[in-house]
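See structure below.
The values are calculated or read from the model by the stated rules, or taken from the named source; none is laboratory data. Bear in mind the structure is a predicted one, so any value in this text is a computation, not a measurement. Methodologically, a virtual Cβ is constructed for each residue, glycine included, from the backbone with ideal geometry; neighbour enumeration extends over all protein chains shown. For the accessible areas, the whole protein counts, side chains as well, though only heavy atoms, and no ligand, DNA or RNA atoms are used. Shrake-Rupley method; radii C 1.70, N 1.55, O 1.52, S 1.80 Å.
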Amino acid sequence: MARFEMKASSRELELICSGLWDVHHLSGLQERLAEAVYSARRKQVVFDLENIVRFDTAAGLMLWRLRRQLKSRGIAMQIRNAAEDTGRILEMTRTHGHPDAVYSVKNYGPLESLGRFSVSVVHDFIGILGFIGHTFAILAAIVIGLRPMRMKEFLYQINESAIKALWIIALTMFLVGVVVAYQSAVQLRTYGANIFIVDMLGISILRELSPMLTAIIVAGRSGSAFAAQIGVMKLTEEIDAMRTMGFDLYAFLVVPRLLALIVMMPILIFFADMFGLLGGMVVAHTELDITPMMFMERFEQAVKLKHFWVGLIKGPFFAVLIASIGIYRGLAVKNDTESIGINTTRSVVEAIFIVIICDALFSIVFTRLGF
Amino acid sequence: MAKRIIEVKDVVTRFGDRTVHDHISLHVDAGEIYGFLGPSGCGKSTLMREIILLEPLQEGMIRIFGEDICGLDHDEAQALRRRWGVLFQSNALFTSLSVAENVSVMLKEYTTLSARLIDEIVALKLDIVGLKQGDGLLYPSQISGGMKKKAALARALALDPELLFLDEPTSGLDPISAREFDALILKLRDMLQLSIVMVTHDLASIEGTLDRMAIIDERRIAAEGTLEEVREVDSPFIRTFFGGELT
């Protein structure tokens, strides 16, 4: 421990210091020393360092701090009997010290935080908008044949981000179909309106549930993968390497991913429709005694084709949003490991949020148009 | 006789069938700058990792500050770790923290000093390694390779260790920065009375900084001693390395 004893004479206070004066044993020492000096009410303090066992730079800095503190109260401080090592460290901490150093992280007030957050949201929004614009300009150039399409990358992405997602989407939608049908079955039975389960399932799954859930799964699975993969490529300077080779970032990384999702999203939604309805059909059969044949027959009469198209048409729009946000977040990764985590998380959260907003807009638009 | 700060005795290390160290013994005295040299793949870094408790010791004995590193319990190992600082070859700065935060991270974790005093300690450490005060606010991605080395060195010195381990400190630096770094190591040794152990390939820093060295070649210590003593030893690696003659 860092210890000291007080010896007061008429004019001065002597502090005999002993023990370990190092970074692990300094806690609160400056305060205790200051307290002792103030309570003794002397104008002169002498520190005797002869018996100190260990004295490191932290202790040296602490003593110089104390000296400044006492000086501001008009108390003079002297050091005596410092051993050679202690003297060396005192000298070093005096010449190399920076009393005014402040490295504590600034904490912003609530208003400033809100302001900074708002600015960053606007920045991100403009950034993503610009990014989507640039991507479509490149896409247009590919369509009219000014730039080559990277077929290999495109097909690879179709497999990675869509085909490999089929099973998880199928399973999820099957279970959602089961759950929705099961819950409605109880209600419908009390009214004897068993057959209407087909109308209900058909419209809700085709129009809303399957596009929405497919988008959420793709955002969580493929959108986050885009962000993480491109983010790491940025960190390892692979993106810079591609640039120096003259490989266009958009043609190699962005367009294949975006196009793969645009093409595959409607297919995934169609797949989700089938499995959702299959789940519903199973429950309708076991709970409400509606045979699959009856289910099909009623489906043909009650559920118009437009509901299917309304669901499907949302696919490419959701795809653009998910892919753009995922890739944009990946490119927004800075040179540190933490920003990969932050940007991957944000890619998923933002994509799901935007997809829900977009879905709400579709609902309003389709209803107004009479679909 | 000077106090022995590290003692390595009959250390054997095997990876699968491959023997890396075959009964290696050496010792480092307090206050000296000691180097591990040898061809690449000879197990210099592995030996250092065994000493700093990153790799388990397979066979033999290592004493550090007089304590046998076998059979340390968790608290003893932690206490021992705080007595040395390590500068890794790739610096291993925490990229999500600023330079100042990198230096202060141990101080904040292991001490209860006031924030102002910690800031002053950080400022001192940045100053003695030759960084400017403003550099503390920058992030590792914003500074040059030489500055990263210095920042990592400042971090290794955060708790005023008695012993410093440097893994190829001058690799990846340009010759001028490398010589500056050597001078810095010498200055810090005198200033803080450090003992330093380094793994190095850099001939200029071997000549300029090392007091003694061990050459590990063919799984054994080919030579140990001062530069003059080592040069006298007849071994293919030493001839190639110091004689500039290619085998």
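Summed over the range B:125-147, residues that are within 9 Å of another protein chain (Cβ to nearest Cβ), small (Gly, Ala, Ser) and either surrounded by fewer than 17 Cβ atoms within 10 Å (Cβ to Cβ) or in contact with a strand residue (DSSP E or B) (Cβ under 9 Å, 6 or more places away or on another chain) (or both) total 1.
Could you tell me whether the range A:63-70 includes any residue that is under 42 Å from the mean Cα position of the chain (by Cα) and either small (Gly, Ala, Ser) or within 18 Å of B:Arg116 (Cβ to Cβ) (or both)? Please lay out each step first, then the result.
Let us first name the residues in the range A:63-70 that are under 42 Å from the mean Cα position of the chain (by Cα), namely A:65.
Right, trim to either small (Gly, Ala, Ser) or within 18 Å of B:Arg116 (Cβ to Cβ) (or both) and you get A:65.
Yes, the range A:63-70 contains at least one residue that is under 42 Å from the mean Cα position of the chain (by Cα) and either small (Gly, Ala, Ser) or within 18 Å of B:Arg116 (Cβ to Cβ) (or both).
Can you say whether A:Asp85 is open to solvent by 10 Å² or more (accessible area, probe 1.4 Å) and within 19 Å of B:Pro161 (Cβ to Cβ), as far as the supplied structure shows? Talk me through it step by step, then tell me what you get.
On the way: open to solvent by 10 Å² or more (accessible area, probe 1.4 Å): yes; within 19 Å of B:Pro161 (Cβ to Cβ): yes.
The answer is yes for A:Asp85.
Evaluated against (1) touching a Lys or Arg at 6+ places or on another chain (Cβ under 7 Å); (2) away from chain B (no Cβ under 14 Å), A:Trp21 falls short on exactly one condition, (2).
Taken together, the residues in the range B:79-123 that are under 15 Å from B:Ala154 (Cα atoms), assigned to a helix (DSSP H, G or I) and within 21 Å of the chain's Cα centre (by Cα) amount to 8. Annotation note: of A:Ser324, A:Ser339, the sole residue that is more than 29 Å from A:Val283 (Cα to Cα) and more than 14 Å from chain B (Cβ to nearest Cβ) is A:Ser324.
Within the range A:331-371, if we keep just the residues that are under 11 Å from the mean Cα position of the chain (by Cα) and of a type in the set (Gly, Ala, Ser), the residue that is modelled with the lowest pLDDT turns out to be A:Ser339.
Could you tell me which residue of the range A:93-102 is nearest to the other protein chains (Cβ to nearest Cβ), considering only residues that are surrounded by 13 or more Cβ atoms within 10 Å (Cβ to Cβ) and part of a helix (DSSP H, G or I)?
Step one: of the range A:93-102, the residues surrounded by 13 or more Cβ atoms within 10 Å (Cβ to Cβ) are A:93-94, A:96-98, A:101-102.
From what is left, the residues that are part of a helix (DSSP H, G or I) are A:93-94, A:96.
Values: A:Thr93: 6, A:Arg94: 10, A:His96: 4 Å.
Among those residues, the one meeting the criterion is A:His96.
I'd like to know if the range B:192-201 contains one or more residues that are modelled with pLDDT under 90 and closer than 30 Å to A:Leu20 by Cα. Within the range B:192-201, one or more residues are modelled with pLDDT under 90 and closer than 30 Å to A:Leu20 by Cα.
Summed over the range B:1-44, residues that are in contact with a His (Cβ under 8 Å, 6 or more places away or on another chain), under 21 Å from B:Pro161 (Cβ atoms) and open to solvent by 10 Å² or more (accessible area, probe 1.4 Å) total 2.
Going through the range A:156-171 one residue at a time, which ones are closer than 16 Å to A:Leu268 by Cβ and in contact (Cβ under 8 Å) with a residue 60 or more places away in the chain? Walk me through it before giving the result.
Quick first cut of the range A:156-171, residues closer than 16 Å to A:Leu268 by Cβ only: A:157-171.
Once the filter is applied, which keeps residues that are closer than 16 Å to A:Leu268 by Cβ and in contact (Cβ under 8 Å) with a residue 60 or more places away in the chain, the range A:156-171 yields A:Gln157, A:Ile158, A:Glu160, A:Ser161, A:Ala162, A:Ile163, A:Ala165, A:Leu166, A:Ile169, A:Ala170, A:Leu171.
Would you check if B:Val122 is surrounded by 20 or more Cβ atoms within 10 Å (Cβ to Cβ), within 13 Å of chain A (Cβ to nearest Cβ) and touching a Gly at 6+ places or on another chain (Cβ under 8 Å)? Outline the logic, then answer.
Values: surrounded by 20 or more Cβ atoms within 10 Å (Cβ to Cβ): yes; within 13 Å of chain A (Cβ to nearest Cβ): yes; touching a Gly at 6+ places or on another chain (Cβ under 8 Å): yes.
In short, yes.
Sub-7 Å Cβ pairs linking a first residue in the range A:131-144 that is closer than 15 Å to A:Leu321 by Cβ to a second residue that is in a helix (DSSP H, G or I) and at pLDDT below 90, at least 6 apart or interchain, are A:Thr135/A:Tyr250, ordered by first then second residue.
Of the residues making up the range A:103-124, one or more are over 30 Å from B:Ile118 (Cβ atoms), assigned to a helix (DSSP H, G or I), charged (D, E, K, R) and open to solvent by less than 50 Å² (accessible area, probe 1.4 Å).
Listed residues B:Ala100, B:Ala79; which is within 14 Å of another protein chain (Cβ to nearest Cβ) and open to solvent by 10 Å² or more (accessible area, probe 1.4 Å)?
Working: B:Ala100 fails: open to solvent by 10 Å² or more (accessible area, probe 1.4 Å).
On inspection, the qualifying residue turns out to be B:Ala79.
Under the condition of being over 18 Å from B:Phe94 (Cβ atoms) and surrounded by fewer than 20 Cβ atoms within 10 Å (Cβ to Cβ), the residues counted in the range A:336-345 number 1.
Here's the yes/no breakdown for (1) over 30 Å from B:Ser104 (Cα atoms); (2) part of a helix (DSSP H, G or I); (3) among the basic types (Lys, Arg):
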residue	(1), (2), (3)
B:Gly134	no, yes, no
B:Ala158	no, no, no
B:Arg179	no, yes, yes
B:Asp182	no, yes, no
B:Lys187	no, yes, yes
B:Val230	yes, yes, no
B:Ile238	yes, yes, no
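I'd like to check something: does the range A:68-80 contain any residue that is within 14 Å of another protein chain (Cβ to nearest Cβ) and either outside any loop (DSSP other than H, G, I, E, B) or open to solvent by 20 Å² or more (accessible area, probe 1.4 Å) (or both)? Write out each step before concluding.
Applying the first criterion (within 14 Å of another protein chain (Cβ to nearest Cβ)) to the range A:68-80 yields A:68-69.
Still in the list and also either outside any loop (DSSP other than H, G, I, E, B) or open to solvent by 20 Å² or more (accessible area, probe 1.4 Å) (or both): A:68-69.
Yes, that holds for at least one residue.
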